[in-house]
Amino acid sequence: MTHKDALIVGAGFSGAVIARTLAEAGQSVTVIDARPHVAGNCYTERDAETDVMIHVYGPHIFHTGDEEVWDYVNRFGVFRRYDHRVKTTSQGAVYLMPVNLHTINQFYGKTFGPAEAAAHIAAQASSDIDEPANFEEQAMKFIGPDLYGAFFKGYTEKQWGCSPRDLPASILKRLPVRFSYNDSYFAHPHQGMPEEGYTAIVAAILDHPGIELRLGTEYEAGMEEGFGHLFWSGPLDGYFGYALGRLGYRTLDFERFTEEGDYQGCAVMNYGDSDVPFTRITEHKHFAPWESHEGSVCYREFSRECGPDDIPYYPIRMVEEKKLLADYVAKAQALEGVTFVGRLGSYRYLDMDVTIREALDCARGHLAAQAAGSPTPAFSVDPL
């Protein structure tokens, strides 16, 4: 490879946004990806049988309150309004999620107003837990045993493969309970889906004369020679050949099936009962409600421990993983000329808008460091 300013490993949103930012600053970069396509786990494609736009690695819904990020993605494609609404099947009934006033009234067979519902939930909650030590204690303090058992316990056991008592309380703190009839899953002002899918958006970001794209290309040690800097969006532990051990992830298996017409009437149906082996069913034509399709493509999702040959989805980040993460972070910070980015590179669960924000900030920070004659740090955001 001839000399270029940067080698970027990974053609997902992180790599693409960094590449575009550097290219627009006049730099010459090469982006490689082991997969035969761009967009990483956001990859979308038309189903050959039904023409439905499929989210191949599971659904991705774009939502943000970051105005610059919203303007940025709209430079590269048309986003159509899409308000994500989730249903859950539990104990033989279908409910709205996240838990809201309708869910509470349906579950308890009541007609509560907001204040009455809040008082009722407070009465169900455990008052003897001051500082919840785990997910289950947080649920007991937050919503009590009834709603926890119906909507969170079984689903969480399936999703994470362990008892909720072994999970940190912080996971449940992100889940809202609303004492109104608002059933929109996200609260951000900007929510949407790209009209032509995420693959087209990422391809457009990478479409610049300063960017060379090489798909189906595995990174090999020493490949960065001749480049001014390496940006790594692959697994953090993978960069070091898993020398200290593997960081833990959950992965997903997808069971595809097709139907004529409409299978479930919504994009996502969660299954809260522990005796149902899958966590949810997704029906992908509902992610593009402006389109019309006679056929439908659905996927049952099964969560399990991620093996060496599986696609990593959710970082576990429990006690042992955090210890190992700290060791890998120390190794990374001892290097020069390498920056670790994105969900895998920083071992953090990131929404797409946060991924783009961090990639923009990382690339701009790199340009500023170059101008000042100072090194670019191994991480633009502390993974710990």
Completion exercise
GLU283 meets each of (1) of a type outside the set (A, V, I, L, M); (2) crowded, with 20+ Cβ neighbours inside 10 Å; (3) over 19 Å from GLU45 (Cα atoms) with one exception, condition (3)
Practice task
Could you check LYS331 against (1) surrounded by fewer than 19 Cβ atoms within 10 Å (Cβ to Cβ); (2) within 30 Å of GLU157 (Cβ to Cβ); (3) among the charged types (D, E, K, R) and say which number it fails?
Solution key: (2)
Practice task
With the condition kept exactly as written, say whether any residue in the stretch 357-378 is in a loop (DSSP other than H, G, I, E, B) and either within 22 Å of THR64 (Cβ to Cβ) or in contact (Cβ under 8 Å) with a residue 60 or more places away in the chain (or both).
Solution key: yes
Handout entry: Selection count, the stretch 196-217, where residues are out of contact with any helix residue (DSSP H, G or I) (no Cβ under 8 Å at 6 or more places or on another chain) and either aromatic (Phe, Trp, Tyr) or under 24 Å from THR376 (Cα atoms) (or both)
Key = 1
Practice task
Could you list, in sequence order, all residues of the stretch 318-328 that are surrounded by fewer than 16 Cβ atoms within 10 Å (Cβ to Cβ), of a type outside the set (Lys, Arg) and either in a helix (DSSP H, G or I) or at pLDDT 95 or above (or both)?
Solution key: VAL319, GLU320, ALA326, ASP327
Exercise for the section: Could you grab me the full set of residues in the stretch 213-244 that are of a type outside the set (Phe, Trp, Tyr), crowded, with 16+ Cβ neighbours inside 10 Å and not in a loop (DSSP other than H, G, I, E, B)? Expected result: LEU213, GLY228, HIS229, LEU230, LEU236, ASP237, GLY238
Completion exercise
Given (1) in contact (Cβ under 8 Å) with a residue 60 or more places away in the chain; (2) not assigned by TED's automatic domain parsing to the domain that holds ILE32, CYS162 misses just (1)
Problem - Entirely in the stretch 1-61, the strands (runs of 3 or more DSSP E) that have 2 or more residues that are surrounded by fewer than 18 Cβ atoms within 10 Å (Cβ to Cβ) - result: 44-46
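The values are calculated or read from the model by the stated rules, or taken from the named source; none is laboratory data. These numbers come from a predicted model, not from an experiment. Methodologically, a virtual Cβ is constructed for each residue, glycine included, from the backbone with ideal geometry; neighbour enumeration extends over all protein chains shown.
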